[in-house]
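The values are calculated or read from the model by the stated rules, or taken from the named source; none is laboratory data. Predicted, not measured: the structure shown is a model, and the values here were computed from it. Note that each Cβ is placed from the backbone with ideal geometry, even for glycine, and that neighbours are counted across all protein chains shown.
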Amino acid sequence: MTDSSDARDDLFDDGFADAAMALLRERGPQSTEDWANLLAEAGHGPADELAELIAYLDAPGLGYLTDGRYAALDTALEGRVLTHRMSEAEIASGILDIVPDLTPLTALVAPGGPDADEEFSVVFPDFDAEVFAERGRLDTDAPELERLLLQPDALYGYAAGDLIGLGLAGGELRLVRVDRTEEAPELADRLGDIIAEGSAEPSDSVLWQLMADDPALFTMPVAPLTELIEAAGYTWESDYLAVRGFDFDAFHRATRVGIIAREHELHAEEAGAVVDFAYLVREVAEATEHGEDPMALALERVAASPEAYVGLADPVSAAAALDLAAGPEDDRTAALHAVAVALLEHAPRRAKASAHWIAAKAADRLGDVSAAVAHYESALDRDPDWVPAIFDLALLAADAGDATRAQSLLGRIEGGESEALHEVLQRYQAAEHPGLGRNDRCWCGSGRKYKSCHLGRSELTADDHATWLYTKAQLFARTPELFDLLYSLAEIRAGYWSDEDALPRALEGGLAVDVTLFEAGVFELFVERRGELLPAGELELARQWLGTARSVYEVLATAPGESLTLQDLRGGDPVEVTDEWGSRSFDVGALLCARVLPTGESMRALGGMEPVDPDARDELLDLLAADDVEPDQLVEFLGRHFASS
């Protein structure tokens with residue numbers, strides 16, 4: 001079996017998903033093994049390989065039953081009708097709260113707002129806030145749960161308490177007016193056969209299983225599922241069903257602990273501490289939104305159970321806690337900082353280094369890099385070998401231009417010489433002045449002592465400082481907090497290259513990196529957070545760069561091995577750009593897309609120069625002039641239209 005994702009993609013592109021779903025529709029629900037055997041018999045490959053491919057299949061209308069079988073929902077649910085009892089808010093807005101009443105069928109509905117000829121679609125308050133605002137639904141609970149968006153007048157004539165039905169007939173979903181219902185089926189025993197005692201199951205999978213077990217179930221309108229489930233002695237929360245009184249909080253925590261333990265290879269105690277830490281950060285963040293004091297609440301909660309956080313002592317668990325607690329979906333940084341400080345106050349001694357490191361991360365994100373440095377130093381006071389704090393201090397030392405200290409810190413880390421930072425620092429080794437003592441006045445004329453001024457710092461040219469500044473920003477973009485953004489843009493850029501090293505190459509530099517830094521705002525964030533550390537000349541240069549736009553240039557002349565003379569097609573005087581490679585690679589008359597930056601001694605395109613298809617010139621200029629262009633849109637366009645060279 002090949003381990004290449006390309007092989008999976010090729011199979012899916014060749015119609016594997018369509019063929020697999022066709023077999024499922026024809027033969028009914030199948031286990032992974034049986035489904036793979038059917039596909040093998042149909043000539044799609046060896047059964048063992050197909051069984052692995054099935055795990056990656058994400059076809060529309062594919063459902064998973066609680067007995068472990070897969071089902072093609074558009075055939076398995078044919079002829080079923082489910083109902084929902086509506087409220088005044090639902091009728092007025094045309095947005096139905098469908099979990100769990102209608103979700104077994106709405107799995108067949110595409111997400112997004114409906115077009116004029118569509119009867120309905122699935123929307124989420126979290127992602128479709130404008131739609132909800134337009135319809136006057138501003139008081140939605142559980143914003144992570146899906147809703148059904150209907151045409152504005154779809155519920156005209158209905159009143160609160162009326163039933164609406166959703167039925168699947170001839171492979172199409174339709175709203176059904178329900179004037180009367182049949183006798184409700186008794187579900188207690190059936191649910192008891194599916195949901196193990198002391199456990200919970202995904203609600204849609206349970207309901208699909210009920211219908212797979214009984215082809216006559218829900219073929220006529222009956223009471224809504226919420227009412228049937230309650231009458232059977234069961235309850236639901238989010239996407240799960242369980243017997244009434246079930247401890248969903250403990251269940252969700254145990255599920256999350258298991259996931260975290262597997263993802264990060266942690267022991268149960270460590271994974272539990274990670275989850276509890278993230279839950280507490282979320283609780284503090286939500287309480288803060290309601291006017292509570294975040295620090296007081298954090299201190300109270302940690303003091304009540306300090307031993308719960310001892311599992312954060314290991315750097316891997318601390319990093320997992322930071323990643324889980326400070327997710328990208330909202331800003332919990334202030335809450336993160338409050339909980340970290342509370343851990344410093346009450347957590348066991350073993351967890352103090354981790355708490356300082358997390359507090360440093362939070363302080364940095366809050367814009368206080370001096371406090372971050374102090375926390376990193378305190379982490380090393382607690383544990384001199386705590387690697388994440390050593391590495392982060394090395395990064396900050398490099399940002400400050402102190403290459404010697406950064407190298408020294410990296411030298412304390414096993415394998416530190418293999419870090420990208422080490423390679424960068426090698427380019428900027430200090431030029432020592434052996435004739436000067438540590439306490440002599442510095443050679444630069446600042447009036448300060450050599451040890452406090454330029455000892456361990458390079459004597460760099462202005463161009464050197466510029467390239468180092470750009471590289472510092474690149475390293476900043478590669479930190480865990482921001483790397484996903486860079487990676488997503490690099491994936492888009494690499495998609496237009498055919499070599500196997502395309503993604504690493506896109507991550508290393510060029511278009512994806514430069515768009516991440518500038519159009520995506522990472523360089524501005526870098527300057528905001530690192531400005532007080534940067535040498536004065538670099539900070540001034542950085543501010544100039546923030547005002548420099550990307551443009552399209554025509555090559556007017558070349559000095560091979562030295563520079564190119566470029567004309568910005570949006571106007572201005574010609575500019576000489578120092579670039580040895582570009583001066584040998586592009587002919588007069590070529591069109592290039594670049595961001596030309598001042599470097600103190602010259603002008604350079606540090607983010608690379610890419611050839612542009614002349615046919616795409618005007619459209620590219622319009623795109624660059626737009627105020628609302630998204631970074632991924634820009635990388636997509638440029639990747640698609642760059643001319644081959």
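Overview of results
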{"read-out": "Checking Glu610 against (1) surrounded by fewer than 16 Cβ atoms within 10 Å (Cβ to Cβ); (2) modelled with pLDDT under 90, the condition it does not meet", "value": "(1)"}
{"read-out": "Single match in Ala406, Ala374 (criterion: assigned by TED's automatic domain parsing to the domain that holds Glu263 and of a type in the set (A, V, I, L, M, F, W, C))", "value": "Ala374"}
{"read-out": "Number of positions in the range 495-506 that are out of contact with any strand residue (DSSP E or B) (no Cβ under 8 Å at 6 or more places or on another chain) and closer than 14 Å to Gly639 by Cα", "value": "7"}
{"read-out": "Condition met for Ala347 (at pLDDT 95 or above, under 30 Å from Val302 (Cα atoms) and small (Gly, Ala, Ser))", "value": "no"}
{"read-out": "The range 159-175, residues that are in contact with a strand residue (DSSP E or B) (Cβ under 7 Å, 6 or more places away or on another chain) and assigned to a loop (DSSP other than H, G, I, E, B)", "value": "Gly161"}
{"read-out": "The range 176-196, subset under 36 Å from the mean Cα position of the chain (by Cα) and in contact (Cβ under 8 Å) with a residue 12 or more places away in the chain, residue farthest from Met211 (Cα to Cα)", "value": "Ile195"}
{"read-out": "Count of residues meeting criterion [part of a helix (DSSP H, G or I) and either at positive phi or buried (at least 19 other Cβ atoms within 10 Å of the Cβ) (or both)] in the range 195-216", "value": "10"}
{"read-out": "Qualifying residue in the range 418-429 (condition: surrounded by fewer than 18 Cβ atoms within 10 Å (Cβ to Cβ), among the small types (Gly, Ala, Ser) and in contact (Cβ under 8 Å) with a residue 12 or more places away in the chain)", "value": "yes"}
{"read-out": "Per-region count, the range 143-175, residues surrounded by 13 or more Cβ atoms within 10 Å (Cβ to Cβ), touching a residue at least 60 places away in the same chain (Cβ under 8 Å) and within 26 Å of the chain's Cα centre (by Cα)", "value": "1"}
{"read-out": "Residue check, Thr255 surrounded by fewer than 20 Cβ atoms within 10 Å (Cβ to Cβ) and touching a strand residue (DSSP E or B) at 6+ places or on another chain (Cβ under 8 Å)", "value": "no"}
{"read-out": "Top-ranked residue of the range 626-642 - restricted to ones that are over 14 Å from Ala512 (Cβ atoms) and over 23 Å from the mean Cα position of the chain (by Cα), ranked as modelled with the highest pLDDT", "value": "Ala626"}
{"read-out": "Residue in the range 374-385 that is farther than 24 Å from Ala400 by Cα, free of Cβ contacts under 8 Å to residues at least 12 places away in the same chain and surrounded by fewer than 23 Cβ atoms within 10 Å (Cβ to Cβ) present", "value": "no"}
{"read-out": "Some residue of the range 359-369 being of a type in the set (Asp, Glu) and without any contact (Cβ under 8 Å) to a residue 24 or more places away in the chain", "value": "yes"}
{"read-out": "Extreme residue, modelled with the lowest pLDDT, among residues of the range 162-184 that are touching a helix residue (DSSP H, G or I) at 6+ places or on another chain (Cβ under 9 Å) and over 20 Å from Leu73 (Cβ atoms)", "value": "Ala184"}
{"read-out": "Search result, residues across the range 546-577 that are touching a strand residue (DSSP E or B) at 6+ places or on another chain (Cβ under 6 Å) and in contact (Cβ under 8 Å) with a residue 60 or more places away in the chain", "value": "Ser551, Val552"}
{"read-out": "Residue match in the range 482-493 (condition: aromatic (Phe, Trp, Tyr), surrounded by fewer than 22 Cβ atoms within 10 Å (Cβ to Cβ), outside the structural domain of Asp568 (by TED's automatic domain parsing) and within 25 Å of Ala406 (Cα to Cα))", "value": "yes"}
{"read-out": "Which numbered condition Ser203 fails, given (1) in contact with an Asp or Glu (Cβ under 6 Å, 6 or more places away or on another chain); (2) closer than 30 Å to Leu312 by Cβ; (3) of a type in the set (S, T, N, Q)", "value": "(2)"}
{"read-out": "Strands (runs of 3 or more DSSP E) lying entirely in the range 37-113 (those with 3 or more residues that are within 22 Å of Pro125 (Cα to Cα) and within 31 Å of the chain's Cα centre (by Cα))", "value": "95-97"}
{"read-out": "Subset of the range 222-263 (residues that are touching a residue at least 60 places away in the same chain (Cβ under 8 Å) and on the phi > 0 side of the Ramachandran plot)", "value": "Ser238"}
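Conditions (1) surrounded by 13 or more Cβ atoms within 10 Å (Cβ to Cβ); (2) aliphatic (A, V, I, L, M), marked per residue:
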residue	(1), (2)
Arg177	no, no
Phe218	yes, no
Leu228	yes, yes
Ala231	yes, yes
Gly245	no, no
